[in-house]
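The values are calculated or read from the model by the stated rules, or taken from the named source; none is laboratory data. Only a predicted model underlies this, so the values are computations on that prediction, with no experimental measurement involved. As a convention, Cβ positions derive from the backbone with ideal geometry for all residues, glycine included, and neighbour counts pool all protein chains shown. Side chains are part of the model used for accessible areas, which takes the heavy atoms of the whole protein and leaves out ligands, DNA and RNA. Shrake-Rupley method; radii C 1.70, N 1.55, O 1.52, S 1.80 Å.
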Amino acid sequence: MYGRTPITLDDFMDGLVKRNPGEPEFHQAVKETAETVLPLVNERKEYREARILERLTEPDRTIIFRVCWEDDKGWFRVQRGYRVQFNNSIGPYKGGLRFDPSVTLGILKFLGFEQTFKNSLTGLPMGAGKGGADFNPKGKSDREVMRFCQSFMSELYKHIGEDIDVPAGDIGVGAREISFMFGQYKRLKNEFTGTLTGKSLEFGGSLIRKEATGYGCAFFMEEMLGHQNNSVHGKTCLVSGSGNVAQYTIEKLIQLGARVVTFSDSSGFVHDPEGVTREKLDYLIHLKNIIRGRVSEYALEFGCEFYHGEKPWKVPADLAFPCATQNEIDETAALLLVENGCIGVSEGANMPTLPEGIHVFQNAGVLYAPGKASNAGGVAVSGLEMTQNSIRLSWSREELEDRLQTIMRKIHDTCVRYGKGDDGKIDYVKGANIGGFIKVADAMLAYGVV
Ligand code: NDP
Ligand code: 2IT
């Protein structure tokens, strides 16, 4: 019986798939982690007997609710809202909200599971959660988004709180959505607390939060290259996405002296061989955040190529930063990147590389950082926003960027500590998984059977 004797990965996964049918992204995320963590669990009797991995893959609680709202034409709309409170062993549930038509329970479970390890890696006291809705903010008026956010929060507020569960942004949830949701939360609870992060600066937000995921993703690449006496400076970089994470990955890469030649949205990608400059990035940020337009308009404005329906991975470059969504680099794309000379991949998105793609990178000796390590900067500064809210003080931009950089360096150190092989090569997947796992597992052990 499992617990007394070791279990194989196949048997563990069979059980998980049976218990969670129709959730392929969740299966994928768990398998990627179990591959490196299960040997440790099998080896350490106390983890095995406490069935830590089974407990870690079962969310504490899943809340699913109806969200009704009225569109500008007066029609009623019905959406499904979720909050997956995954694990609060080391702190209040913490993680983003995603508004996208593709949102399902399985997607949010994969994201919540990843968040458990990511939040642990930051070294801050944060448990893990994820939520959202199958609502598409694209093409909606500000008033429609406001009505949706208010209706969504009218249910969610019952389940969250500054010491219970602290949501933030993710795909489709940026400053506008967080503001509407915080306004409604404050009204319903009649309290002003730091229950959401990613707030605007006027009402409790933190400097650097909006930049944090992207900056952290670039810093992590700088750490990996620095470990090999190399650097981002002068490198040609591919970025995918053009939202929050992509924008500030590009900004930091430009500051570090790299040349960013691609970015994308769900319609296709732009190739700008001369590189995105500060001025062009300002145009892109305005285009995506204010006009809410398409990246093809950048190509028209600056006379470069737009590739409809394609991803950027066929463009030759030194480094790749997938910052759009899950499963955007398959085996073919990974092979193409390697053939074209790519030496490093730092994931801004959550699980953007398929397992076959990861194996291609690892076999080719590419420095490959999984999102739970390389995109942890966002939630780390969310943690710092919670601290500032609790002490009712705001730290300076310099102090926060310094703290962010230190956290990313420590996450890199953790990956090296747990991921270094006998040949001296670093397996960042193993390092991040084991480094994130131990703290949560030890806390769960200490609590006994809960
Ligand atoms: P945004 O909504 O700001 O941007 C998402 C970007 O990805 C947009 O350019 C969007 O294109 C594109 N995109 C979305 N879905 C698809 C798709 N199916 N195919 C191709 N492109 C797509 O989200 P974020 O930048 O916040 O999030 C990006 C990724 O980073 C996600 O994986 C998220 O989970 C992860 N992440 C985010 C953090 C944060 O702090 N925000 C922290 C850590 C990870 P379009 O404009 O056409 O919709
Ligand atoms: O995936 C992520 O880490 C996020 N979307 C950010 C979570 C947060 O709480 O800031």
Area accessible to solvent at HIS233, 1.4 Å probe radius, in Å²:
120
Counting only residues 5 or more apart in sequence or on a different chain, those whose built amide H sits under 5 Å from that of LYS94 are GLY127, ALA128, GLY129, VAL166
In this model, which of LYS130/LYS439; LYS235/LYS288; LYS189/LYS372; LYS158/LYS430 are farther than 31 Å apart at the alpha-carbon?
LYS189/LYS372; LYS158/LYS430
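Where in the stretch 28-95 are there chymotrypsin sites (Phe, Trp or Tyr not before Pro) that are in a DSSP coil and have at most 15 other Cβ atoms within 10 angstrom of their Cβ?
Of the chymotrypsin sites (Phe, Trp or Tyr not before Pro), the ones in loops of the stretch 28-95 whose Cβ has at most 15 other Cβ atoms within 10 Å are TRP75.
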Highest GNM mean-square fluctuation among LEU201, LEU400, LEU354, for the chain with Cα springs under 10 Å, belongs to LEU201
Hull surface over four for the Cα convex hull of the chain, reported in nm², is 21.1
Which ³J(HN,Hα) values, rounded to whole Hz and listed in residue order, are derived for the stretch 226-237 from phi using the Karplus coefficients 6.51, -1.76 and 1.60 in 6.51 cos²θ - 1.76 cosθ + 1.60 with θ = phi - 60°, glycine and proline given as x?
x, 5, 10, 6, 10, 7, 5, 3, x, 7, 8, 10
Connecting C-alpha atoms closer than 10 Å in a GNM of the chain, tell me which of PRO92, PRO322, PRO167 has the biggest fluctuation.
PRO92
Long-range amide H contacts for VAL260: which residues qualify at under 5 Å (H placed 1.01 Å from N, peptide plane, sequence gap of 5 or more or a different chain)?
CYS237, VAL276
With x for Gly and Pro, the residue-by-residue ³J(HN,Hα) of the stretch 358-364, computed from phi through the Karplus equation 6.51 cos²θ - 1.76 cosθ + 1.60 at θ = phi - 60° and given in whole Hz, is 4, 4, 4, 4, 5, 5, 8
With a 1.4 Å probe and all protein chains in place, put ASP170, ASP330 in order of accessible area, largest first.
ASP330, ASP170
At 1.4 Å probe size, with every protein chain present, just tell me what the per residue accessible area of the stretch 81-189 comes to in Å².
28
Can you tell me which of LYS280, LYS252, LYS130 moves the most in a GNM of the chain? Springs connect C-alpha atoms under 10 Å apart.
LYS280
Mind giving me the nanometre distance, one decimal, between the label points for GLU274 and ASN230, set 7 Å out from Cα along Cα→Cβ?
2.8
Local charge sum around GLU144 (other residues, Cβ-Cβ under 13 Å, Lys/Arg +1, Asp/Glu -1)?
+3
Helical contribution to [θ] at 222 nm, DSSP H n ≥ 4, -39,500 (n - 2.57), averaged over the chain, rounded to 500:
-15000 deg cm²/dmol
In whole Å, what three semi-axes, largest first, describe the equivalent ellipsoid of the stretch 135-282 built from its Cα gyration tensor (square root of 5 times each eigenvalue)?
35, 19, 11
Checking the cross-link filter: which aspartates and glutamates have an alpha carbon closer than 18 Å to that of LYS311, excluding same-chain neighbours under 8 positions apart?
ASP265, ASP272, GLU297, GLU328, ASP330, GLU331, GLU339, GLU347, GLU356
Accessible area of the chain belonging to carbon and sulfur atoms, whole % at 1.4 Å probe
50
Explain nothing, just the number: relative contact order of the stretch 375-450, from Cα pairs under 8 Å at least 6 residues apart, as a whole percent.
20
Once PHE203, PHE192, PHE361 are ranked on solvent-accessible area with the largest value leading and a 1.4 Å probe, the list reads PHE192, PHE203, PHE361
Output wanted: per-residue J couplings in Hz (rounded whole) for the stretch 365-372, from phi through Karplus 6.51 cos²θ - 1.76 cosθ + 1.60, θ = phi - 60°, x for Gly and Pro.
x, 6, 6, 10, 9, x, x, 4
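Please report the antiparallel percentage of the DSSP beta bridges confined to the chain, to the nearest 5.
Counting only bridges with both partners in the chain, antiparallel ones make up about 55 percent.
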